[in-house]
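*Asks:* This is the structure I have questions about; it appears just below.
The values are calculated or read from the model by the stated rules, or taken from the named source; none is laboratory data. None of the values given here were measured: they were computed from a predicted structure. Cβ sites come from the backbone with ideal geometry, for glycine too, and all protein chains shown count toward neighbours. Heads up: the accessible areas ignore ligands, DNA and RNA and are worked out on the full protein's heavy atoms, side chains in. Shrake-Rupley method; radii C 1.70, N 1.55, O 1.52, S 1.80 Å.
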Amino acid sequence: MAGICIYGAGSVGCYIGGRLLAAGADISFVGRERVASEIRRHGLALSHYQGGRWQLPPSTIDFSTDAGAPKAAGLVLVTVKSASTRAAAAELATILCPKTIVISFQNGLGHADRLRNALPGRTVLEGIVPFNVVMSGPGTFHQASQGALAVKAHAELDPYLAAFTAAGLPLSQYPDIVPVQWAKLLFNLNNAINALANVPLKEELSRRAYRRCLALAQAEALALLERSGIRPARLTPLPAGFRGCSMRLTGYLQGWRARC
Ligand SMILES: NC(=O)c1ccc[n+]([C@@H]2O[C@H](COP(=O)([O-])OP(=O)(O)OC[C@H]3O[C@@H](n4cnc5c(N)ncnc54)[C@H](OP(=O)(O)O)[C@@H]3O)[C@@H](O)[C@H]2O)c1
């Protein structure tokens, strides 16, 4: 089995790649010089909100700034931010062999399509990282919330499943991943609110006014999804449509909905 390359190793890429590496997988990383130099000096220190800790010394980490490095990989996990997708796709198009599988582990919709357009003939799959990863120091990444990696189901993934399972990051495969992507997007509506609030996430969500903003945004999105015939998947014990209810705590939105 050919190795796994993390393309765009930042928070998510270093965390997922590091966990796979810690479990013995054949991993290479491609990223920026500033990340490379931190890892050369400090290695990777990974942690999990439930207490797991993984320490990888620099000598064990194959980190390159060369866009050609994924040439021999059998599976490429693209973990760049949205705005970098086109450039990453163009770089990958010149080096990936036809058999390479690509997973877009990026938030939002449309990234896999962008990669697919640039990589004709390759297997490009939608992936979802449901948990948050924060960088808390040089080479130090922390998984701050729960959730299992999700990916569009594909038989060619079979040889790689054991590596993810061994790392404690099993891949949940979905024949239809669109409802899962929308469900994740409903959560991510808070990103803009959090950015505008300019306070840490925990503090933002502890304030009722911000929770109301999120509830309103989610209610609007759910109404649009309903009209489009899209039913977001259930990512938590509560159905997607209940999330706004649990956030608002006041019945405020019920009144708003009734008036609309
Ligand atoms: N962080 C999270 O908690 C989280 C959770 C779920 C999903 N996600 C998703 O995961 C993706 C990555 O997020 P992130 O927080 O890990 O971002 P990040 O920390 O910015 O990591 C992406 C890294 O890729 C580098 N990069 C961009 N284009 C590249 C290229 N062509 N070649 C090599 N390296 C390149 C970036 O460098 P530059 O800064 O120079 O562009 C950056 O160092 C996003 O789509 C995000 O939506 C993130």
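*Asks:* Would you mind finding the one in Asn117, Asn107 that is assigned by TED's automatic domain parsing to the domain that holds Gly10, among the polar types (S, T, N, Q) and modelled with pLDDT under 95? Before the answer, list the steps.
*Replies:* Numbers: Asn117 fails: modelled with pLDDT under 95.
The conditions single out Asn107.
*Asks:* Keeping to region 53-90, report how many residues are touching a residue at least 60 places away in the same chain (Cβ under 8 Å), within 15 Å of the ligand (Cβ to nearest atom) and in a helix (DSSP H, G or I).
*Replies:* Matching residues across region 53-90 total 4.
*Asks:* Only one of these is part of a helix (DSSP H, G or I) and within 11 Å of the ligand (Cβ to nearest atom): Arg34, Arg40, Arg19. Name it.
*Replies:* On the way: Arg40 fails: within 11 Å of the ligand (Cβ to nearest atom); Arg19 fails: within 11 Å of the ligand (Cβ to nearest atom).
Of Arg34, Arg40, Arg19, the one residue that is part of a helix (DSSP H, G or I) and within 11 Å of the ligand (Cβ to nearest atom) is Arg34.
*Asks:* Residues Ile6, Ile61, Ile16, Ile39: which one is open to solvent by less than 10 Å² (accessible area, probe 1.4 Å), β-branched (Val, Ile, Thr) and more than 21 Å from Arg122 (Cβ to Cβ)? Give the steps one after another, and end with the answer.
*Replies:* Details: Ile6 fails: more than 21 Å from Arg122 (Cβ to Cβ); Ile61 fails: open to solvent by less than 10 Å² (accessible area, probe 1.4 Å); Ile16 fails: more than 21 Å from Arg122 (Cβ to Cβ).
Only one candidate qualifies: Ile39.
*Asks:* Another question, then. Hey, among Pro159, Pro237, Pro130, which residue is farther than 21 Å from Asn107 by Cβ and modelled with pLDDT under 95?
*Replies:* Working: Pro159 fails: modelled with pLDDT under 95; Pro130 fails: farther than 21 Å from Asn107 by Cβ.
Every option except Pro237 fails the conditions.
*Asks:* Anything in region 137-162 that is among the small types (Gly, Ala, Ser) and within 12 Å of the ligand (Cβ to nearest atom)? List them, or say none.
*Replies:* Correct list: Ala144, Ser145, Gly147, Ala150.
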